[in-house]
Amino acid sequence: MSQTTTFEQPNTGTWDGGNEPFKVSYGKLMMWFFLLSDAFTFAAFLTTYGLARHRHQAYEGTPEAFNFSTQWWPIPDKVFNAFPGFHGVDWPLAFVALMTMILILSSVTMVLAVEAGHRMDKNDVQKWLLWTILFGSMFLGCQAWEWSHFIAGTEEGMKLADGSVIHGANLIVNQYGPPLFADLFFFITGFHGTHVFSGVVLLILIFFNTVNGVYHRRGHYEMVEKVGLYWHFVDLVWVFVFTFFYLV
Amino acid sequence: MASHSHHTDEFAHTGEIPKAQTKVIWKTFFILVAITAVEFAFAFMMDAGTLRNAIFIGLTLFKAFYIVGEFMHLKHETKGLIWAVLVPTVLLVWLLVALLVEGTFYGESVFNYFN
């Protein structure tokens, strides 16, 4: 019995675990380093995108005269100009703007959940987690629409020299430009979408834990903070994907 | 019986919940929305080019600063943690730029070897 008591004594010495130089818990610190490693992965994707883009000719005519060709890298405004319910209407980047807003909004509701956790306000944590789950799912739905539209393509498609027409995109050929353009679209937005999906799953898990009072009994809502860090990182990655894939 | 006493304990907690402090959060949100709106304005009102791309990247870094600093709370962590995250990220950006510049040069020399 006395042995157990000595074993449970916290280590307080500087060199045996008593020192906490970063003033954050182990879990949060490891989440930061995981996110750092995840940033490496996304940086690799963006490097690949930049190199592939440089290897292809840029379109040099006026934007009005632009047409899809495997000769040059497409202008993103001309590829991503569709909006659900507005078939055939040219609304460049409108849908991706909506997606960006949804994701930024979900980041805000996530911070609000973390803030409520600091105050031990169980009801507020539940409320804001639900909003975050809702916006995250909305983003995933938007991405599903974006993908299916990208894959199905437009009615005009791209005319080839032999008279045949390509509609939509797959990994081998696409109507928008060089094959690598569609490949990188699938890989980069797909990898980001997988992150969003994992985030929504984590959010649902911590929502159930919150409802069951797990964190309340534990005395802190740190798990919400850790998932929050992950969720903001996903938002951050989207900010970069948005710039380098849709704007530049 | 046990669950009953647990519930009263929860209600005791509910009574002491302080008011939410959300001013900074919403301010950050409006900054992010405003920067995104400015990006769109540039996308439509300015012709594509190196300058426009530089503006886009600059605004993106601004957004990243607010997301990481405020939402991820890094601005308010210890200096050690800030550097532990920031230094690898800066080196990563350096690596990215170096790979792009050198890779483009290398790609061009390989593909145009016989021209």
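A short reminder: the numbers here are calculations on the coordinates, not readings from a lab. Not measured: the values here are computed from a predicted model. Don't worry about glycine lacking a Cβ; one is built from the backbone with ideal geometry, like all the others, and counts go over all protein chains shown.
Take the conditions (1) surrounded by fewer than 17 Cβ atoms within 10 Å (Cβ to Cβ); (2) within 11 Å of chain B (Cβ to nearest Cβ); (3) farther than 21 Å from B:T89 by Cα; (4) over 27 Å from the mean Cα position of the chain (by Cα); A:R55 misses just one of them, which is (4).
The set of residues in region B:67-82 that are within 16 Å of the chain's Cα centre (by Cα), at the interface with chain A (Cβ under 10 Å from one of its Cβ atoms) and part of a helix (DSSP H, G or I) comprises B:I67, B:V68, B:E70, B:F71, B:L74, B:I82. When the helices (runs of 4 or more DSSP H) confined to region A:163-248 are screened for residues that are more than 30 Å from B:I17 (Cβ to Cβ) and touching a residue at least 60 places away in the same chain (Cβ under 8 Å), those reaching at least 3 such residues are found at A:179-211, A:222-241.
If you check A:T132, A:T154 for being of a type in the set (S, T, Y) and part of a loop (DSSP other than H, G, I, E, B), only one passes: A:T154. In this entry, B:W26 passes the filter for residues that are surrounded by 12 or more Cβ atoms within 10 Å (Cβ to Cβ) and free of Cβ contacts under 8 Å to residues at least 40 places away in the same chain.
B:V90 satisfies every condition listed in (1) hydrophobic (A, V, I, L, M, F, W, C); (2) farther than 26 Å from A:P74 by Cα; (3) facing chain A (nearest Cβ under 10 Å) except (3). For region A:1-11, the count of residues that are in a loop (DSSP other than H, G, I, E, B) and buried (at least 17 other Cβ atoms within 10 Å of the Cβ) is zero.
When you check A:A144 against the structure, is it farther than 30 Å from A:Y215 by Cβ and assigned to a helix (DSSP H, G or I), yes or no? Yes: the conditions hold for A:A144. Mind checking whether some residue in region A:18-40 is out of contact with any helix residue (DSSP H, G or I) (no Cβ under 9 Å at 6 or more places or on another chain) and farther than 30 Å from B:V93 by Cβ? Yes: one or more hits. The sole residue among A:V165, A:V114 that is farther than 30 Å from A:L205 by Cα and touching a Gly at 6+ places or on another chain (Cβ under 6 Å) is A:V165. Considered as a group, the residues in region A:18-37 that are closer than 28 Å to A:G190 by Cβ and surrounded by fewer than 17 Cβ atoms within 10 Å (Cβ to Cβ) include one that is nearest to the other protein chains (Cβ to nearest Cβ), and that residue is A:L36. State all residues of region A:85-97 that are more than 11 Å from chain B (Cβ to nearest Cβ) and assigned to a helix (DSSP H, G or I); if no residue qualifies, say none. Listed by number, the list holds a single entry, A:F95.
For B:A98, indicate whether it is facing chain A (nearest Cβ under 10 Å), aliphatic (A, V, I, L, M) and in contact with a helix residue (DSSP H, G or I) (Cβ under 9 Å, 6 or more places away or on another chain). Considered against the rule, which asks whether it is facing chain A (nearest Cβ under 10 Å), aliphatic (A, V, I, L, M) and in contact with a helix residue (DSSP H, G or I) (Cβ under 9 Å, 6 or more places away or on another chain), B:A98 comes out as no.
The residues in region B:56-66 that are facing chain A (nearest Cβ under 7 Å) and under 23 Å from B:Q21 (Cα atoms) can be counted, and the count is 2.
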